[in-house]
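The structure appears right after this line, and notes come after that.
The values are calculated or read from the model by the stated rules, or taken from the named source; none is laboratory data. Note that the coordinates shown come from a computational prediction; the quantities given were computed from them, not determined experimentally. No Cβ is skipped: glycine too gets one built from the backbone with ideal geometry, and neighbour counts run over all protein chains shown.
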Amino acid sequence: MDFDFTPEQSQFKDELREFLRAEVPLEKQEVFGQWSEEQYQFGREINRQLAARNWLAIGLPEKYGGGGKGAIERGILAEELGYGRVPKAGFIGLGIVAPAIMAFGTKDQKDLYLSPIAKGEVEYCQGFSEPNVGSDLASLELRAERDGDGYVLNGAKMFTSYAFQADYIYLLARTDPQAEKHRGISLFIVDMKTSGISLQPLPYINGEMAAQVDFDNVCLPWSSLIGEENRGWYQAMTTLDYERSGLGRYGSVRRVFDDITDFCNDSAPDGGQPLAEHPLVRHQLADRRLGMETWKLLCWRVAWLQSTGSTPNAEASIAFLYGTDERLRFAEMAMEVLGPYATLRNGSGQAPLLGNIEGIHREAMHLHGAGTTEIHRNIIAQRGLGMPR
Amino acid sequence: MDFDFTPEQSQFKDELREFLRAEVPLEKQEVFGQWSEEQYQFGREINRQLAARNWLAIGLPEKYGGGGKGAIERGILAEELGYGRVPKAGFIGLGIVAPAIMAFGTKDQKDLYLSPIAKGEVEYCQGFSEPNVGSDLASLELRAERDGDGYVLNGAKMFTSYAFQADYIYLLARTDPQAEKHRGISLFIVDMKTSGISLQPLPYINGEMAAQVDFDNVCLPWSSLIGEENRGWYQAMTTLDYERSGLGRYGSVRRVFDDITDFCNDSAPDGGQPLAEHPLVRHQLADRRLGMETWKLLCWRVAWLQSTGSTPNAEASIAFLYGTDERLRFAEMAMEVLGPYATLRNGSGQAPLLGNIEGIHREAMHLHGAGTTEIHRNIIAQRGLGMPR
Amino acid sequence: MNFSLTSEQQLLRNTAREFLAIECPTSVVREAEESGVGHAPDLWRKMADLGWMGICLPKKYGGEESLLTDQTVLFEEVGRALVPGPLLSSSVLAAQIVLHGGTDQQKETLLPGMIRGEIILTLARGERLETSSQSGNLVLSGDSSFVRYAGSANQIICATRPAIGAWPDTTLVLVDGQADGVIKTAMESIANYPQFLVEFDDVSLPDDAVLGEIAEGRVALELATQRATVIQCAETLGRAEKVLDMVVEYAGMRQQFGQPIGTFQAVQHRCANLKVAVDSGRLLTYQAAWRLDQNLRASDEIAMAKAQSGTLSRLATETGHSIFAGISFTVEHDMHLYSDRAKIAEANLGDTEYHLDQMIVD
Amino acid sequence: MNFSLTSEQQLLRNTAREFLAIECPTSVVREAEESGVGHAPDLWRKMADLGWMGICLPKKYGGEESLLTDQTVLFEEVGRALVPGPLLSSSVLAAQIVLHGGTDQQKETLLPGMIRGEIILTLARGERLETSSQSGNLVLSGDSSFVRYAGSANQIICATRPAIGAWPDTTLVLVDGQADGVIKTAMESIANYPQFLVEFDDVSLPDDAVLGEIAEGRVALELATQRATVIQCAETLGRAEKVLDMVVEYAGMRQQFGQPIGTFQAVQHRCANLKVAVDSGRLLTYQAAWRLDQNLRASDEIAMAKAQSGTLSRLATETGHSIFAGISFTVEHDMHLYSDRAKIAEANLGDTEYHLDQMIVD
């Protein structure tokens, strides 16, 4: 066993943290529960700087502009970007689309798509969920019908984050309505400027502006298909590994936990001992620190499994589920310990910790994503423990 | 609304508590996790004294030796017997059999069975569970076949408490194997001395000696049938109301909670402030007190519903489920606060609170009874909230 | 022993629910919140006409003189419907302070107008508020945070601390929100109403600004806080009940894997757990209200109700967002209206930890 | 980064599991418990022959000199199989005290015999234990509760408190369990081994009874406690894993409502929650062991592992009894063997609260 990085990995982590500390000052950092175009553009700028060092697409081959490194380095990058509160940008292309193209794309597709992703030049969004399709993703209804020149898309995608920023949408569509539901789905990359695509704004409670994406007779060239027709479900599931480890999410929450710990050690609101010396507060901080460290280990186990070439399955669900629960427990603890001040928003004069407390509580209402917690418990029981379906 | 007793009810409660305080001294009180024949016999003796005051069968009509009172008084009796740690005896006859006979028995059956129950002269056990039948009780397999002179029983009952003490067993048996499972079941009262009945000891971890009861061609007279043939399931379900409120269980746990609270206020194991002044202990005691008071209200709601003539259903499951959870939470808290001393058994010199702490933790492993907690959650969702089956 | 509402209380509940279904749809709720005023003037006037502002106030001031239990019934509905405006802070908390602490003159000046919906009061408290006597004049200084509706309230009741060596206990004073030296800074939060940091820069007060007598404000403040705490529990309870109704309905309708998600045991059990907490909250809340109505000692029961209320809030929030999942993360869905208010209510008038600490454990 | 066992460790695990499946069925476990001795002599001898008593002890005393990580692997299996006997208290805790605190002479006297399974040591600690020097002789006085196997141990290591004005720190002394003035009273508990209140009535000790040097016992005690705490976590982890295996198997077999109960979502989710806790426990425990093996600062990681271990114990107990339901309330079913030991292990070497309190939060 080894719970540490190699010297090279440690060095990468240190350099990365130093770089981010220098380039992402406090006032440009992402605040939980807030989103702004300006911050997002700053995130893209940082991405391009990372790309210049071959750090951005750390896992892609160097010939496409990547770093040629493995899953551990991907994990380090994700955790540090989260911990450094770098405004999120580009992550769907980097985390989901590029691995899928690497695995299933033609040489032409690799040449066309990978390098712009690695350079941080393009933004992707992901079209999986639909208005009537949530946990049971394989029942999706967006149709892609063949006609003479290619496919024609009709239907809608829902909960599409970054749809307004995206150059392309990476989506699943039904190509064979007659087949068993998992076997009639294909993967496509679609230019968002294609005629027939329209966006309905779908603001999120964390300040993000997602969209419903409507497809009205959208014509796609044959080359938009990724991999094999009707094998899209299986392809998507095996490459759905952007932050499969969850280290990005962990890093961003851990940062606020560390901030609150500092705050409790430094602040004595009633003029007496610091908050952290109150037995109940101390107990809660210790309990949450245990939760954070556990979450971290569960995430790193996923990254390590990926680094060995395995496809983590129940392990990824365990890390995701634990993180979802822990984030909520932490948010509730934070709001309790800081009292009404925790409800103040970023920008309000007396808001502690940049308003990240109310923001993280808001973010913690995201009790889903890659399936509900119920779905993840099902996966752990059925795939992890071999219980009957 | 009214959260109090009538003056008459309060008087009954006071008199009862005074009586039990005088007649059930500490050394004769039941200890959680322990059972002895001697204590049980003492419980029967107390029952007979209660019967002499018409308090035992408080809910039965006076002409059968009962108290002629309602569900609130039944609740007071149950709570006080629990709180007074009166060794349990006679409760299946009083709580389950007598109400069933009142509702479905013939005049002859009433005359035959009720008065001995009310006088505390007979002991019943209950035969519902079977070796292969737990939560899905209606799938029971014990057969009762008609022959010329009556019924013949073949099969087995399981988890039968007090089988070794009982004069009669009150049981459900399948009389029509062809019918839908709920519609082929009948209710019987069977003399335990009948030839063909044998007992296999089944010791419980709380010190009780239950049994598996085997029936090998046991011949019953026609008169052993209670109510209508093949309606036994429905009859049993509507009269399964012994301590439906759960007040007996509540009372017995509450007593230990009060004991521990006293202990924490009086003891200072490290020579400093009393345990109850330690912030974390104080917090836990307060939290469990809230749990206890909530549990009490949920139980009394059931008793009150019964007093209005309603049949509590989801409400009884709520009280049962809450109590099962709260008892475990309390037991864990108690073991934590008292540390290793809490693991000492009654009789060991340094055991605090008569060894009731380890005993209640053991008892709290009874995470079932009247169905698992899962079954009760199903009932709350489906019957209480009208969710689909 | 009787755990049911009287027929009058059931009527009150039904009337309130029907009225609010028409007059307070979530469009009104959202408009009040988004306007920044936290108030729906039309709705406010109609609620005043129904007598809701004075439900527990004496008839001689225009009130209904009903039981706190009745107000509890009403506020379950207020919670369910997410009614905007200073109903709790003005018509319960502040009004009860005036009722228990004010002179006859002050009651006559303030309560009828409040009951008619024309006067809004608010409370400012805090360790740093102080009234002192300077050359024979009363002077108010210090500051108070989280003062609700301080921008629009007609009067601010300041609970000022005992002045060492002079006044041995809390003094309540009435201050015009527009007076010189009163500086208000908005505190932007997840709350659905405006709140302020209010600074009092040596504000001179007339002698009749003292509510009741100098140094005798504590009892009135405590009595009013007790009642407001019960009503806060009722409001939380109503919201949690509504969330439960909403998720049960949605789970019966939303199809996944070819069946309503309400058929899944995990979803059923989440709902069952919330049902247990809702029923517990109702019993604890009404027990506290009933004891106050009976003039029985109720401080423990109030603490228990409020401690449980925090837990109930969290469970309703988690259950709602879990079952609604993705859709509840959107602004257009109503769930976040419930979860934001739940979080505010949890902290208001003492959270779970605070009230557990108030409980007697001996 | 590597979270997998080495092939040697996997071999150790498999060998131990196979050995214990044959040599330590629950009949042996129950017999050891019911005999009151808490010991299975045959099994003990065989485990000694396999080198288990000396797995982490130096080769020169007959040990294997393996890593703590290897001992962790071994104790997962010990926990799974409910192995009876003073493996943890003698061969880990006491042995490590001797190793880190004893003189060469003492190590040579005690360790080889202990590794061969012939010597049993136990530890007595407590605020009231005191060694003093009376007219040139060492005298031990005071008492200690919960001393495991004190009835059968060859020697009791007493951790005695600093003597005010004389010795500034903990002194460790070795006492013959049969010496005059050593009074042992059995403490009957849910534990599966005998334990005693041991009183020392001014017991005279020879000079070489001091383990190491006077007033220099603290470091050895701490180092040994750290290692024993990790091993206690491993034992708990093994038990929890076994409970998980047992319930998953039972749920796949037990039919209710015409299907295996393992098809019910509520049962699956209970198992999933235990799986999450088991995996968390494994990572935390091995992290602590690995850090000790690497000579890295590990006190925080040990505290975290043990704090989580208490939670894991409770969850395994609740999950087991919930899924096995009625049958697990019977003495003949094995579940209670797991839950009793879980409760003892939770309190041993500091419970969750204690270890949360040890953690750094700055």
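Among the residues of segment B:134-156, are any within 19 Å of the chain's Cα centre (by Cα) and at pLDDT 95 or above? Looking through segment B:134-156, none of the residues is within 19 Å of the chain's Cα centre (by Cα) and at pLDDT 95 or above. None of C:Thr72, C:Thr103, C:Thr131 is in the same structural domain as C:Asp208 (by TED's automatic domain parsing), in contact (Cβ under 8 Å) with a residue 40 or more places away in the chain and polar (S, T, N, Q) except C:Thr131. For B:Ala52, the stated conditions do not hold, so it cannot be described as under 20 Å from the mean Cα position of the chain (by Cα) and outside the structural domain of B:Phe164 (by TED's automatic domain parsing).
The residue that is surrounded by the most Cβ atoms within 10 Å (Cβ to Cβ), among those in segment B:356-379 that are in contact (Cβ under 8 Å) with a residue 60 or more places away in the chain, over 14 Å from B:Asp136 (Cβ atoms) and more than 9 Å from chain D (Cβ to nearest Cβ), is B:Ile357.
Here C:Leu283 meets the list (1) among the aliphatic types (A, V, I, L, M); (2) within 22 Å of the chain's Cα centre (by Cα); (3) more than 10 Å from chain B (Cβ to nearest Cβ) almost entirely, failing just condition (3). For segment A:4-44, name all the residues that are in a loop (DSSP other than H, G, I, E, B) and in contact with a Pro (Cβ under 8 Å, 6 or more places away or on another chain). Answer for segment A:4-44, where residues must be in a loop (DSSP other than H, G, I, E, B) and in contact with a Pro (Cβ under 8 Å, 6 or more places away or on another chain): A:Gln29, A:Glu30.
Annotation: of all residues in segment B:272-308 being surrounded by fewer than 20 Cβ atoms within 10 Å (Cβ to Cβ) and polar (S, T, N, Q), the one that is nearest to D:Thr352 (Cα to Cα) is B:Gln273. Scanning segment A:138-151 turns up no residue that is among the aromatic types (Phe, Trp, Tyr), crowded, with 16+ Cβ neighbours inside 10 Å, outside any loop (DSSP other than H, G, I, E, B) and not assigned by TED's automatic domain parsing to the domain that holds A:Met209. Note on segment D:3-18: residues that are under 20 Å from the mean Cα position of the chain (by Cα) and farther than 13 Å from D:Thr72 by Cβ total 1.
Restricting attention to segment C:223-233, does a residue exist that is within 14 Å of chain B (Cβ to nearest Cβ), of a type in the set (Val, Ile, Thr), out of contact with any strand residue (DSSP E or B) (no Cβ under 6 Å at 6 or more places or on another chain) and under 21 Å from C:Ser328 (Cβ atoms)? Scanning segment C:223-233 turns up no residue that is within 14 Å of chain B (Cβ to nearest Cβ), of a type in the set (Val, Ile, Thr), out of contact with any strand residue (DSSP E or B) (no Cβ under 6 Å at 6 or more places or on another chain) and under 21 Å from C:Ser328 (Cβ atoms).
Taking the criterion of being aliphatic (A, V, I, L, M) and touching a Leu at 6+ places or on another chain (Cβ under 8 Å), the residues of segment D:332-362 that qualify are D:Leu337, D:Leu356, D:Met359, D:Val361.
As a summary of the residue check, A:Glu374 satisfies the conditions (1) more than 19 Å from C:Thr317 (Cα to Cα); (2) within 24 Å of the chain's Cα centre (by Cα); (3) at pLDDT below 95 except for the one numbered (1). Where residues in segment D:245-254 are touching a residue at least 12 places away in the same chain (Cβ under 8 Å) and surrounded by fewer than 24 Cβ atoms within 10 Å (Cβ to Cβ), which of them is farthest from D:Ser91 (Cα to Cα)? Within segment D:245-254, the match that is farthest from D:Ser91 (Cα to Cα) is D:Ala251. Scanning segment A:261-316 for residues that are over 30 Å from A:Gln9 (Cβ atoms) and of a type in the set (A, V, I, L, M, F, W, C) yields A:Phe263, A:Cys264, A:Ala268, A:Leu275, A:Ala276, A:Leu280, A:Val281. For C:Gly252, the criteria (1) more than 25 Å from D:His269 (Cα to Cα); (2) touching a strand residue (DSSP E or B) at 6+ places or on another chain (Cβ under 9 Å); (3) within 14 Å of chain B (Cβ to nearest Cβ) hold in every case but one, which is (1). Within the group D:Ser90, D:Ser152, D:Ser141, D:Ser133, which residue is assigned to a loop (DSSP other than H, G, I, E, B) and among the polar types (S, T, N, Q)? So the residue among D:Ser90, D:Ser152, D:Ser141, D:Ser133 that is assigned to a loop (DSSP other than H, G, I, E, B) and among the polar types (S, T, N, Q) is D:Ser152. Figure legend. Inter-residue proximity from segment A:76-104: first residues under 20 Å from A:Glu37 (Cα atoms) and touching a residue at least 40 places away in the same chain (Cβ under 8 Å), second residues of a type in the set (S, T, N, Q) and buried (at least 24 other Cβ atoms within 10 Å of the Cβ), beta-carbon distance below 6 Å, spacing 6+ or different chains. Indicated pairs: A:Gly82/A:Ser252; A:Ala89/A:Asn47; A:Gly90/A:Asn47; A:Ile92/A:Gln126. Give the number of residues within segment A:165-208 that are more than 15 Å from A:Gly93 (Cα to Cα) and either in a loop (DSSP other than H, G, I, E, B) or within 14 Å of chain C (Cβ to nearest Cβ) (or both). Here the count works out to 22. Here the condition is being in a helix (DSSP H, G or I), out of contact with any Phe, Trp or Tyr (no Cβ under 7 Å at 6 or more places or on another chain) and of a type outside the set (Asp, Glu); of D:Ala191, D:Ala251, it holds for D:Ala251 alone.
Keeping to segment A:343-355, report how many residues are touching a helix residue (DSSP H, G or I) at 6+ places or on another chain (Cβ under 7 Å), more than 8 Å from every other protein chain (Cβ to nearest Cβ) and part of a helix (DSSP H, G or I). So the count comes out to 2. Of the listed requirements (1) under 15 Å from the mean Cα position of the chain (by Cα); (2) closer than 18 Å to B:Lys193 by Cβ, B:Gly90 misses just one: (2). Going through (1) within 11 Å of another protein chain (Cβ to nearest Cβ); (2) in contact (Cβ under 8 Å) with a residue 12 or more places away in the chain one by one, C:Phe257 falls short only on (2). Under the condition of being facing chain C (nearest Cβ under 7 Å) and not β-branched (Val, Ile, Thr), the residues counted in segment B:285-306 number 11. Only a single item in (1) within 13 Å of chain C (Cβ to nearest Cβ); (2) closer than 22 Å to C:Glu301 by Cα is not met by B:Arg327, and it is number (1).
Condition check: within 21 Å of the chain's Cα centre (by Cα), assigned by TED's automatic domain parsing to the domain that holds C:Val230 and among the β-branched types (Val, Ile, Thr). Does C:Ile261 satisfy that? So C:Ile261 fails the test. A:Trp55 meets each of the listed conditions (1) outside any loop (DSSP other than H, G, I, E, B); (2) crowded, with 19+ Cβ neighbours inside 10 Å apart from (1). Selection of segment D:300-334 for residues being within 22 Å of D:Ala266 (Cα to Cα) and within 8 Å of chain B (Cβ to nearest Cβ) yields D:Arg314, D:Thr317, D:Glu318, D:His321, D:Ser322, D:Ala325, D:Gly326, D:Ser328, D:Phe329.
For segment B:309-319, check the following and say yes or no: at least one residue is without any contact (Cβ under 8 Å) to a residue 12 or more places away in the chain and surrounded by fewer than 20 Cβ atoms within 10 Å (Cβ to Cβ). Scanning segment B:309-319, I find at least one residue that is without any contact (Cβ under 8 Å) to a residue 12 or more places away in the chain and surrounded by fewer than 20 Cβ atoms within 10 Å (Cβ to Cβ), so the answer is yes.
When C:Thr26, C:Thr6 are checked against the criterion of being within 14 Å of another protein chain (Cβ to nearest Cβ) and at pLDDT 95 or above, C:Thr6 stands alone in meeting it.
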